[in-house]
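This report refers to the structure that appears directly beneath it.
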Amino acid sequence: MLRSLFGKFRDTLLRRPSPEDVQVVLEAGPIAALVTALLAIIFALSYHGEGDGPVVYGWAGATVLLSLFMYLRGRKAARREVAAVSRSGSIRIVVFSLLFASPWSALAFLTLGRTDLAQQMIALMVCAGLCSGAAIVLHRTLLAATAYFGVVLLSVIAAFALRGQTDMWPVTIYVVLYGLSLLALAFLTARMSKAQETSNNELSELADDLHAAHEEISVMAFVDPVTDLPNRSVFGRQVHEQIARAEEGQGFAVFLLDLDGFKNVNDGIGYHAGDQLLQVVATRLREALGPDDEVARLWADEFALVVKGVDEQAALKRAAGIINSVSKPAMIDERAIYPNASIGGALYPRDGETEHELIRKANIALHRAKENGRGRCVLYTGAMSARIAEIDRIEHDLHVALLEGQIEIHYQPKIDLETGAPLGAEALVRWNHPKGGVLTPDQFLGVAAERGMMLDVSSHIFEVIARDIVAWRDAGAAFGKIAINIHPLDLKSPTGLLANLRRLLTAGVRQSDVVIEITEGCFVGRDTDEAAIALDAIHEMGFELALDDFGTGHASLSHLRKLPIHELKIDREFVSGICHNQHDLAIVSATIEIARCLDLRTVAEGVETAEQIAALREVGADIGQGYHWCKPVPAAEYLAFFEGQRTVASAPPPLARLASDHKTP
Ligand code: C2E
Ligand code: CA
Ligand code: CA
């Protein structure tokens, strides 16, 4: 225990005092000097008329001079703010406390054992009193306090010992014990000061950490971490400030820029590459802008810009320049990527007077730019808002239509080109709008897709088709195989699609009653393997698949090989030119050849003339569909057509033929 106490004492003794500790000592320095001088004078006065008087006066004079010197030094030092304590600084404090102690050490030698008892007692009491004063001043700097007590107390002991004055020993021991208890007090306070310093340091470290975290959070709140551009909230403020600053007639443009096909980079190469591309685009945008213009990243691949001092023509020109600079090839992960961008713009003050209005209208224009074929800039016009209002209305009406059964299915027959027999029909959706008459899919399916209603519409279509098929079967009518179109979005949420197919079966429809038509759009912007998994599931449920609009979209020959397809539908675009355009004829003929090799049946769409039928027969197409035979018609008309066409045809029973063409799964 003693050892550990000694260890602690030593540690505290050698500890370098903190700036606060030194500050306390320095501030007390001048007062201590004055007290020293005062005590020396009082002590000298008590020797008035004594034999030793001149010696003590000399001592007092020297002490007053020393005190004066210490006072002047101390006042200068007390005015300083102590920021740090060096080694030499802490030694200096020890030296000064030795200097302060030296007059009393000298006094001990001058008086103790030499003068009468009363004088000696006074000297001892003065020394003891000074030690308590020093304990108060130096309690936070243990080494300085020890030096002070050491010098004074050792001098007292040494003076008595030298003179062999034994009758003063009890008082001397008492004074020494008193001094030691003061030293212990100084030791304890110094330790407390050390603990306080540690906790102060910890507190200040904590405060520094908090400050740094606060700075980081502030930056994160305003800066996009991927590109270091300002974020959405800053951009809104920038536009707001721009409006406030815009002088009369000083217009500016708000551009929203969206990268075309960015998802493909993310999905194809990975998010890391996507981030790098965003950084490249951000740098290019910064370079393309003037010093007063602003750029921010709103989210994902959408950037926003403020371009100042432009009218409509200038805005279009600047936007074209920006698209050009963004669209240069970029090397990412050692691959060349060809970014492209669309821009939608709104002009201040023409298109809006608040930042929200300008950004909203630039967004409307951006949608239009993308619809119009991407890689271009479109500025907002009033007609766009009218179009949005129209889409809102269609969406609203479509909800009502689904509830009130206005969505109907028409059927367009498919004919065996060899025999003329009806083989089935394609189910085509129609909207029997109470005000607009019969609407075709292109008038509302896009809105359903855009507004997230596709699954509802598809489910309704499946329901109607199931009801029709079951009713036909129950009535004993012949109807062939019914083709059901599915939308690319249906494949995006295969769970909904598979549920629809299951409901078809539950309702009483057989797998052989239907064929599912997918378009090449199903492969755009997605990994074919992903689509293939969904299509495999459909195939495993026992349904046949047809690839629609073949040759017009993004499907490649590898899709034909990979996907479980049974039928290839040759697009009307090629069929319509088959009689007068050698290229169309060549394309149709090659497609049929490929289909034959892959054991697929072919359906020619949009057949309108007898010449086309002849040409299609010539090149070996299996089935035809088109206005030549029949337009899409309501269910009852379709049944009537089917019956009539069956009797006209001289061929074997249609169902048998279709069945024989089935590809074995
Ligand atoms: P599609 O699947 O290629 O359908 C064929 C389109 O060609 C139909 O247009 C049909 O009326 C039209 N057509 C057929 N024969 C001829 C012809 O001889 N001449 C001309 N000029 N046109 C002909 P519709 O019904 O307007 O459908 C357009 C597209 O809407 C369809 O193209 C299909 O992609 C989509 N669609 C139709 N019904 C549905 C449906 O129930 N669900 C889904 N998801 N899409 C559907
Ligand atoms: Ca179709
Ligand atoms: Ca088609």
Filter the cross-link list 414/435; 370/435; 435/631 down to pairs whose alpha-carbon distance in this structure exceeds 28 Å.
414/435; 370/435
I want to check the label-to-label distance for residue 511 and residue 80. Put each point 7 Å from Cα in the C-beta direction and report it in nm to one decimal.
9.6
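Could you tell me whether the stretch 366-412 comes out rounded, prolate or oblate from its Cα gyration tensor? Rule is a ≥ b ≥ c as square roots of the eigenvalues, rounded for a/c under 1.5, then prolate if a/b exceeds b/c, otherwise oblate. Each step should come with its number before you reach the end.
Details: a/c = 4.35, a/b = 1.97, b/c = 2.21.
Because a/c hits 1.5 or more and a/b fails to exceed b/c, the stretch 366-412 counts as oblate.
Identify the chymotrypsin sites (Phe, Trp or Tyr not before Pro) of the stretch 594-647 meeting these criteria: DSSP loop state and at most 14 other C-beta atoms within 10 Å of the C-beta.
On the way: sites: 627, 629, 638, 641, 642; in loops: 627, 629.
When the chymotrypsin sites (Phe, Trp or Tyr not before Pro) of the stretch 594-647 are filtered for loop state and at most 14 Cβ neighbours within 10 Å, 627 remain.
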At q = 0.20 Å⁻¹, work out log10 I(q)/I(0) for the stretch 567-658 with the Debye formula, treating every Cα as an identical point scatterer and leaving solvent out; two decimals please.
-1.01
Cross-link partners among lysines for residue 194, C-alpha distance below 17 Å, same-chain residues fewer than 8 apart left out?
8
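Compute the orientation-averaged projected area for the chain from the convex hull of its Cα atoms and round it to one decimal in nm². Walk me through the numbers before you get to the answer.
Numbers: hull surface 208.5 nm².
If I average the Cα hull's projected area over directions, I get 52.1 nm².
If you roll a 1.4 Å probe over the heavy atoms of the protein chains, what accessible area per residue do you get for the chain, in Å²?
On the way: 32740 Å² over 665 residues.
Ligands and nucleic acids excluded, the figure is 49 Å² per residue.
What part of the accessible area of the chain, given as a whole %, is carbon or sulfur when the probe is 1.4 angstrom?
Numbers: 19180 of 32740 Å².
Within the chain, the accessible surface is 59 percent carbon and sulfur.
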What is the distance, in nm, between label points placed 7 Å from the Cα along the Cα-to-Cβ direction at residue 580 and at residue 203?
9.5
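By DSSP, what percent of the beta bridges with both residues in the chain are antiparallel, rounded to the nearest 5? Please list the in-between numbers first.
Numbers: 41 of 66 bridges.
Of the beta bridges lying entirely in the chain, close to 60 percent run antiparallel.
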Given only helices, namely DSSP H runs of n ≥ 4 each adding -39500 (n - 2.57), what is the per-residue ellipticity at 222 nm of the chain, to the nearest 500 deg cm²/dmol?
-20000 deg cm²/dmol
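Classify the stretch 1-153: rounded, prolate or oblate, from the alpha-carbon gyration tensor (a ≥ b ≥ c, eigenvalue square roots; a/c under 1.5 rounded; otherwise prolate if a/b is larger than b/c)? Please report the intermediate quantities before stating the final value.
Values: a/c = 2.99, a/b = 1.55, b/c = 1.94.
Here the stretch 1-153 falls in the oblate category.
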Decide, for the stretch 428-538, between rounded, prolate and oblate: order the square roots of the alpha carbon gyration tensor eigenvalues as a ≥ b ≥ c, take rounded if a/c falls under 1.5, and otherwise choose prolate if a/b is larger than b/c, else oblate.
oblate
With all protein chains present and a 1.4 Å probe, how do 65, 598 order by accessible area, largest first?
65, 598
Could you work out how far the C-alpha centroid of the stretch 6-80 sits from that of the stretch 406-476, in angstrom?
108
Hey, got a sec? Which chymotrypsin sites (Phe, Trp or Tyr not before Pro) in the stretch 54-142 land in a DSSP loop and have at most 16 other Cβ atoms within 10 Å?
none
Whole-angstrom gap from the stretch 232-256 to the stretch 357-390, using each part's C-alpha centre
19
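The values are calculated or read from the model by the stated rules, or taken from the named source; none is laboratory data. Keep in mind the model is a prediction, meaning the values are calculated, not measured. Methodologically, a virtual Cβ is constructed for each residue, glycine included, from the backbone with ideal geometry; neighbour enumeration extends over all protein chains shown. Calculation scope for accessible area: heavy atoms of the full protein, side chains included, ligands and nucleic acids excluded. Shrake-Rupley method; radii C 1.70, N 1.55, O 1.52, S 1.80 Å.
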